[in-house]
Amino acid sequence: MNNPQNVVVAMSGGVDSSVAAALLVRQGYRVTGMMLRLWSETGQEESNRCCTPDAMAQARRVSARLGIPFYAIDAKDTFRSKVVQYFLDGYEKGITPNPCLVCNRHIRWGFLMQHAREFGADFLATGHYARLRSTETGQQELLTGIDANKDQSYVLSGLSQAQLSRSMFPVGAYQKSEIREIARETGLSVAERADSQDLCFVGDRNIRRFLSEHAPQVQQPGPIRTRNGETLGQHHGLAFYTIGQRKGLGVAAPEPLYVLEKDITQNTLIVGHAEELGRSSLTADSVNWVSGAAPDKPFRAQIKIRYKAEYAWGELSPVGEDRFRVEFDQPLRDITPGQMVVVYLGEVCLGGGIIAA
């Protein structure tokens with residue numbers, strides 16, 4: 001490559017980001033690995049699973065194998081104020097927030113991208129399973145990853161044209177099995193490393209315990225009622241329940257009961273039977289359109305209401321620049337305020353917003 005460009009790869013110590021770096025080195029880019037040190041409630045790095053000492057050591061080992069420089073960047077304070085606080089604020093409002101979306105927007109493509117630019121990088125690359133395609137007008141389309149089981153376009157739907165124009169997703173054109181094989185061929189120590197899951201900053205994976213310690217105000221008990229007003233018991237705080245939840249309600253009934261909705265104004269948990277679950281519409285706000293402009297008329301689209309949800313067809317109606325409403329062809333059981341709803345046309349991710357109602 002003549003006059004190779006500089007690329008910073010967001011390293012995690014996992015196989016995907018490691019192979020992303022390896023692929024870029026093969027293609028002739030000048031590659032630098034960077035890993036973020038993130039906040040943990042104990043103050044010890046090992047309690048945040050995204051930057052454990054082992055993960056940091058693996059990233060350094062991979063960088064050495066590839067012959068690229070590696071740096072660790074402290075992002076603890078920014079992560080605490082942007083991501084953890086968003087998580088706590090959401091539960092205090094009675095919704096179920098997705099902090100990974102905020103982390104991508106403000107930490108990887110905010111804090112880290114700024115450091116990469118200051119470092120002289122032309123692009124920021126990650127190990128996300130997604131793809132980019134340039135249009136004739138020079139815009140970037142966000143596409144699903146080739147591996148449908150690993151596609152991560154959902155969590156990237158909040159990125160702007162400015163961010164995407166300086167992004168690379170080297171592994172998005174591969175199947176996961178191919179990525180592991182490339183890691184083996186390249187002699188990377190992370191070839192068999194398991195994928196990371198769950199919230200990285202909740203060390204013991206116990207969200208209820210975490211909320212009780214860091215947002216004790218969410219522990220406000222209230223009534224559990226049916227839609228016809230019958231009181232069945234008392235909940236321990238709306239933050240501890242999710243739409244569609246069956247277990248752990250603490251009420252006895254001849255048939256299984258599920259969480260249907262959370263009445264924030266009355267601090268009431270509404271429960272009912274399985275046939276009462278499901279909504280045919282939702283409203284989203286804080287919408288980001290990947291193209292930078294909202295559609296000017298209603299259209300049919302494929303919708304995801306959660307990261308691992310199946311696509312659901314519906315008609316989307318824009319409401320101004322940053323809101324939309326969806327009427328689904330079939331009712332969906334688990335529409336949850338606070339989660340991201342993401343819009344697709346085939347392989348193209350158009351954008352998404354936060355489910356409001």
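Quick notes
- In region 279-290, the residues that are of a type in the set (Gly, Ala, Ser) and either surrounded by 18 or more Cβ atoms within 10 Å (Cβ to Cβ) or farther than 25 Å from ARG105 by Cβ (or both): SER280, SER281, ALA284
- The lone exception for ILE243 - which of (1) modelled with pLDDT of 90 or more; (2) closer than 24 Å to ALA309 by Cα; (3) crowded, with 17+ Cβ neighbours inside 10 Å it fails: (1)
- Of the residues making up region 292-306, at least one is within 29 Å of ALA130 (Cα to Cα), of a type in the set (S, T, N, Q) and either outside the structural domain of LEU88 (by TED's automatic domain parsing) or over 25 Å from the mean Cα position of the chain (by Cα) (or both).
This table checks each residue for (1) surrounded by 17 or more Cβ atoms within 10 Å (Cβ to Cβ); (2) small (Gly, Ala, Ser); (3) out of contact with any Pro (no Cβ under 7 Å at 6 or more places or on another chain).
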residue	(1), (2), (3)
LEU38	yes, no, yes
PRO53	no, no, yes
MET56	yes, no, yes
LEU66	yes, no, yes
ALA75	yes, yes, yes
ASP89	no, no, yes
LYS93	no, no, yes
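- Of the helices (runs of 4 or more DSSP H) contained entirely in region 120-217, those carrying at least 3 residues that are on the phi < 0 side of the Ramachandran plot, free of Cβ contacts under 8 Å to residues at least 60 places away in the same chain and out of contact with any Asp or Glu (no Cβ under 7 Å at 6 or more places or on another chain) fall at 176-186, 207-214.
- Test: SER40 is of a type in the set (Ser, Thr, Tyr), in contact with a Ser or Thr (Cβ under 9 Å, 6 or more places away or on another chain), modelled with pLDDT of 85 or more and assigned to a loop (DSSP other than H, G, I, E, B): no
- Annotation for region 323-341: at least one member residue is touching a helix residue (DSSP H, G or I) at 6+ places or on another chain (Cβ under 9 Å) and among the charged types (D, E, K, R).
The values are calculated or read from the model by the stated rules, or taken from the named source; none is laboratory data. The structure presented is a predicted model; accordingly, all values stated were derived computationally and were not measured. As a convention, Cβ positions derive from the backbone with ideal geometry for all residues, glycine included, and neighbour counts pool all protein chains shown.
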